[in-house]
1. Amide H neighbours of residue A:219 under 5 Å, at least 5 residues apart or on other chains, H built in the peptide plane: list them.
2. On a 0 to 90° scale, report how tilted helix A:378-401 is relative to the longest principal axis of chain A, with both axes built from alpha carbons and the result rounded to the nearest 10.
3. Can you compute the modelled spin-label distance between residue A:189 and residue A:478, with each label point 7 Å from Cα toward Cβ, in nm?
4. What are the ³J(HN,Hα) values, in whole Hz, obtained from phi via the Karplus relation 6.51 cos²θ - 1.76 cosθ + 1.60 with θ = phi - 60°, for each residue of region B:128-136 in sequence order, with x given for Gly and Pro?
5. Give the calculated FRET efficiency between residue A:111 and residue B:110 to the nearest 0.05, with a Förster radius of 51 Å applied to their Cβ-Cβ distance.
6. Percent relative contact order of chain A, based on C-alpha pairs within less than 8 angstrom and at least six residues apart?
7. How far is helix A:489-505 tilted, in degrees, relative to the longest principal axis of the Cα atoms in chain A, given as a value from 0 to 90 rounded to the nearest 10?
8. Checking the a/c ratio against 1.5 first, then a/b against b/c, what shape does the Cα gyration tensor give for chain A?
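Just so it is clear, none of the values below were taken in a lab; they were calculated from the coordinates. Everything numeric in this text was worked out from a predicted model, so none of it was measured. FYI the Cβ positions are ideal-geometry reconstructions off the backbone, even for glycines, and counts take in every protein chain you see.
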Amino acid sequence: MTTSLLMFLAFVAVTLGITYWAARRSTGTSAYFAAGRSIKGWQNGVAVAGDYMSAASFLGIAGIIAFQGYDGFMYSVGFLVAYLTVLLVVAEPLRNAGKYTMADVLAYRLKPRPVRAMASLSTLTVSTFYMIAQMVGAGALVSLLLKDSGVTYQSAVIGVGILMIVYVVFGGMLATTWVQIVKAILLMAGTILLSVLVMAHFGFSFAAFFDAVAHVTYTGADGRPVTQDFLQPGLRYRPPYGALDLLSLGMALVFGTAGLPHILVRFYTVPDAKTARASVVWAMAIIGVFYILTTFLGFGAATIVGRDAIARNGGTNMSAPLLAQALGGDVFFGFVAAIAFATILAVVAGLTISASTSFAHDFWTNVIHRGVERAPGEEVRVARVTAFVVGGVSIVIAIVLGPAANVAFLVALAFAVAASANLPVIVLSLFWRRFNTRGAVAGLGTGLLASIVLILLSPSIMSVDPPAVTGAARHLIQADPVFPLENPGILSIPLGFLGAFLGALTGREPSAEAKYTELTVRANTGLGAEKATPH
Amino acid sequence: MPPKIQTEPEPGDQTPEAGSATDVAPLGRAGGKPGHELTADEDADVADWDRVAAEPEFKGLLASKRRFIVPATVFFVVYYFALPLLVGYAPGLMSRRVFGPLNLAYLFALSQFFMAWGVAALYVRAAGGWDETARRVIEKLVERRGEE
């Protein structure tokens, strides 16, 4: 327990050092929001990986695999394949045609005020969903880690929240990037070590390992032991709607990543499109290895720790830390818990900076003040204030929610919102000459509305609980779900596209069509794109 | 009309010039922006976009990108969605064991990782050529500007 606390404090000390260093180096808006566009390809790749491998990946996926076997691995696959959408479709045009936020590309040839207002709203929504998941993970971790030291869930969430505000307010993008890099390296080291220990447990025999995975015993719903082949699909996604839900999840993951604001802003921190491409490739290499290793984390937890023991000691999200405890004792448990903390801290910092950048740059400067910065440095100041507010709000929401649902599942909802609202509009504004402001506003609006309403009508919010279920575990609306799927992607993504398409057809916007040529030339050649600045 | 970019401070503007020369918003309120910090509107005359777009070389670049990106995207989308479709609708087939306890479902899922890396590698190779073309298009533009 004390070991893990010491390791966690060591990480905090290192990252605060980075923040101090970054705060002294960054001067000016480009430096604050985009790290002076001077991050190298591999560095940004590691940082993208760090931004992406959140609590959902490390704690959540390991948990779903440990409890529902193969079906959890579907998350791992979707999370990686999603980067092909980023690499092939959005990364390079975005870097060439934008400045700080996703909305820059949308506002490029459309009317900036309505488009930026909507894009800012959707950025804040996606970031909040994502943040809830991270905070729930942090809370669950703390209640397990420090259960007999008097540190409560509430105080831990407040602590994480304050740290993240410090990184973002003082360090800006440069500090956030380096925090991501340190964390990604630690997370990979921990995951590889954990996987090796799992294999050592099985005498480095893959046959023995997978044989154990094929015969996992746990206590079934009726109280009797059940033995199940965990490589068999269908433990989570069951008929009648399981197959559709699986498809829906796949769509949300593969099309959502390319609409995640905190991932997209990372491509503005590099000098040019070529470096943006290199960073996606670096990220894919790291992320791919990590997600393949979730096989060992998840199935390892299922076979070595067991479902019953995990359920008694903190629930699905604690599978990876409990596996570490079973294999390497308390010191290794402390190390892995510290990594999980670091992961959450870093992702939350990344989310906060993208949300506050979007609010300051898109909403404050461009929507309210029509693109004019009234006083020097105002935009950065507004972003800092926003980081404070976003941090405070997410602390409150996380405390109200308490540690309940699986965090990978919560994050999948953020992906669904991003895929439904952001991706259609990004793709159409890059590739469809006829696209216009109405289309963008309609697309962002329908995508956002459809995904959120469908989540509210889904079994995760609406369900009839037996009277024995009490407290936070009870569903918010006690009625039969109107929408049968957990993930809304399969319906809300087409609706987002349809909204954008039909909206665009309701009118013509000659100025938007005229600027399409310019956008195409810029996106494909990098002509006129902002270069790196020394800092 | 793009706003005129001022290079001299407005009369009476007492704000001191400070900060780095490359800041987006110059810290003096009315100072000019460095070229790479201009927004799209202010930077509208950086090139004759229509003329660049009409260049055969640029058209070739777009066509060559389309020739790679469209089939590659269709391929990875089909390959990826085959997994949830098969797992969801043909669980019997996918649970068939192929290699010890390893079934088709797990092996197909694992193959997705290598598929993704493979497509990414092919993309990077193709993109190397596009960088070359894009550089030539820009060079030509700069040359022509020198002549005019």
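1. Under 5 Å from the amide H of residue A:219: A:226, A:308.
2. In chain A, helix A:378-401 runs at an angle near 30 degrees to the longest axis.
3. Reported label-point gap for residue A:189 and residue A:478 is 5.1 nm.
4. x, x, 5, 4, 4, 4, 4, 5, 5
5. 0.60
6. Details: 1033 pairs, mean separation 163.2, N = 535.
Computed value for chain A: 30 percent relative contact order.
7. 10
8. On the way: a/c = 1.76, a/b = 1.40, b/c = 1.26.
It is prolate, given that a/c is not under 1.5 and a/b is the larger ratio.
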